[in-house]
Amino acid sequence: MQYTRFIHLCKYFLLVIPGQIFAQESLSLYGTVDMGAAYQSHSANVSSTYLNASRVGLISGGQSGNRFGLKGKELINSNTEINFVLENGFNIGNGTAGQGGRLFGRQAWLGVKQKGIGNLRLGRQYDFANDYISELTPFGPGDFASASLGLSFGSANAERFSNMIRLETEQIRGFKAGVGYSFSTQIPSGYIVEGTYPVKAGDSRNYNYTPQDNLRSLTSGMQYRQGALYTTATFDMYFPNAATANGEVPNATAWIIGAAYDLELFKLSAAYGQTRNAWLNPAQLIQTYKEPSNLGTTNNSIVFDQNIAVDSYMLGLTVIPNQATNIFLSWQIAKPMGSMQSNPGFPTDTQSVYSIAYTYNFTPRTNIYAMSAYATNYSMSQGLTNSLIGVGLRHKF
C-alpha cells in the first residue's frame, strides 16, 4: 500500500507540478523572409570622383531585412519576468549570414522586466534612435533599401550596439524613456585626422580589456503618446577608440526630435536632427571614403572627423485607403554644415532623397511591395545621384 502511494506521489510531482511551474513559460520562433528584384544606378558629373554604374537583379530584404529568431520569457513571480531574444539576419539570395557573419547579429540579449517599472536588458541591442524614430517614418531604419530613413539620420539607421546595458521605463501616462551604454559597440569605425585620407580604421570586433580602447556609445530617448499624437527625442554620443584615435578625434553626437499625427486614413510625420564630429551611414566607405562599394543599407559604420557637421530633415506621409493597402511617401534632407561645406578633399553638397512605396497585404503575414527612390548628392557626395526601383514579396512568421 505504501509503495502504491509512493508511486502515485511521484507521478503527481512528475506530471502535475512541472505543468504548474512551467505554465508561465513561453518560447517562440519568428522571422521574416523577403525577396524581390530591383534596378539601382548611380551616376556622377565630370567633377566627381565616382564612377557611373548600374545593376539589376534579385534583392534580399527589399522591404525588411531577412531574419529568424527565438524569443522567450518566464514569469518568476506575479511582477517579474525573465526574457530574451536571439535574432539572426541573413541573405535569402545566397544563404549567408548578415551583420558580418554573426550567428545572432541582429539582436542577442537577456533581460528582466518588472511590472510597473520597466526593463533591464544586457547584450547586443538597438539604440533608442532606431526604436523611437522608426515610428515617425514610413521608411523605417534599414527598410526599403535606398529609401531608408538612415540615409539622412545616421543614428536611426538600425544601429546595433554590442555589449550594452539598457534600461527603459514602462509607458506611464503617455511617457516612456530609456538610457543605454555600450562598453564596446563593435561597429566598424574609421578616423580622419585634419582632413587626411585615407582614414585610420579601428578594430570593430575586439573587446579590449582597457575600456577606452573600445568604441563606446551612450544612447538615450524619450517618447510621449496621447491619442493620435506621438512625439519623441533621442540623443546618442559616440566615444572613439583611444588606441586608434590617439586623442586627436573628439566625441561624436547625434540628436533627433520628431512628431507624428495618425488620422487613421493617413499619418503625417516630421523629424529634425543634428550630427556632429562623425557620420553614421552605410553608403560611405571606411577604406577610401571615395566611392561606394555597397549602396544597400546593411553595413553600418561610423567615420569620425571633427569637420563633419550635418543637419537632417524628414517629412513623411502614410496613406491607408483600405485595410490591405498602404502608400508611403517621404522627403529627407542631409545638409553639410560649417567647414564640411568647404572640404577640398571630399566635395559635399546637400543630399535630397525622394521616396515612394506601395504595399498590399494578402494576409496579415504576407504582402507584396513596390518601391522607388531618387537621391541627389547621394551620401552628400557632390554630383552623385542614386536611383532605385524594386518589387518584392514579404512573409512574416
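Points worth noting:
- Taking the criterion of being open to solvent by 70 Å² or more (accessible area, probe 1.4 Å) and within 14 Å of F104 (Cβ to Cβ), the only residue of the stretch 71-92 that qualifies is K71.
- Here T298 fulfils each of the conditions (1) touching a Gly at 6+ places or on another chain (Cβ under 7 Å); (2) under 18 Å from I187 (Cα atoms); (3) modelled with pLDDT under 95; (4) open to solvent by less than 40 Å² (accessible area, probe 1.4 Å) apart from (4).
- Residues within the stretch 327-359 that are more than 20 Å from S43 (Cα to Cα), open to solvent by less than 80 Å² (accessible area, probe 1.4 Å) and either among the aromatic types (F, W, Y) or free of Cβ contacts under 8 Å to residues at least 12 places away in the same chain (or both), tallied: 1
- Filtering the stretch 133-156 to residues that are modelled with pLDDT of 80 or more and surrounded by fewer than 24 Cβ atoms within 10 Å (Cβ to Cβ) leaves S134, E135.
- Residue list for the stretch 116-132, filter: open to solvent by 30 Å² or more (accessible area, probe 1.4 Å), in a loop (DSSP other than H, G, I, E, B) and not β-branched (V, I, T): G116
- Some residue of the stretch 173-195 being more than 28 Å from W331 (Cα to Cα), within 18 Å of the chain's Cα centre (by Cα), at pLDDT 95 or above and not small (G, A, S): yes
- All positions within the stretch 360-386 that are open to solvent by less than 30 Å² (accessible area, probe 1.4 Å) and among the small types (G, A, S): A373, A375, S379, S381, G383
- Residues that are within 24 Å of A243 (Cβ to Cβ), open to solvent by less than 50 Å² (accessible area, probe 1.4 Å) and assigned to a loop (DSSP other than H, G, I, E, B) within the stretch 157-187 comprise E159, S184, T185, Q186, I187, listed in sequence order.
- Just one of the listed residues (A233, A252, A243) is more than 16 Å from M164 (Cα to Cα), under 17 Å from the mean Cα position of the chain (by Cα) and touching a residue at least 12 places away in the same chain (Cβ under 8 Å), and it is A233.
Yes or no, residue by residue, for (1) farther than 15 Å from W331 by Cα; (2) modelled with pLDDT under 95; (3) under 22 Å from the mean Cα position of the chain (by Cα):
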position: D349; (1), (2), (3): yes, yes, no
position: Y358; (1), (2), (3): yes, no, yes
position: F362; (1), (2), (3): yes, no, no
position: A370; (1), (2), (3): yes, no, yes
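- Of all residues in the stretch 96-132, those satisfying the criterion of being polar (S, T, N, Q), within 16 Å of the chain's Cα centre (by Cα) and modelled with pLDDT under 95 are Q99, N130.
The values are calculated or read from the model by the stated rules, or taken from the named source; none is laboratory data. Only a predicted model underlies this, so the values are computations on that prediction, with no experimental measurement involved. Cβ sites come from the backbone with ideal geometry, for glycine too, and all protein chains shown count toward neighbours. Surface areas here come from the heavy atoms of the whole protein model, side chains and all, with no ligands, DNA or RNA. Shrake-Rupley method; radii C 1.70, N 1.55, O 1.52, S 1.80 Å.
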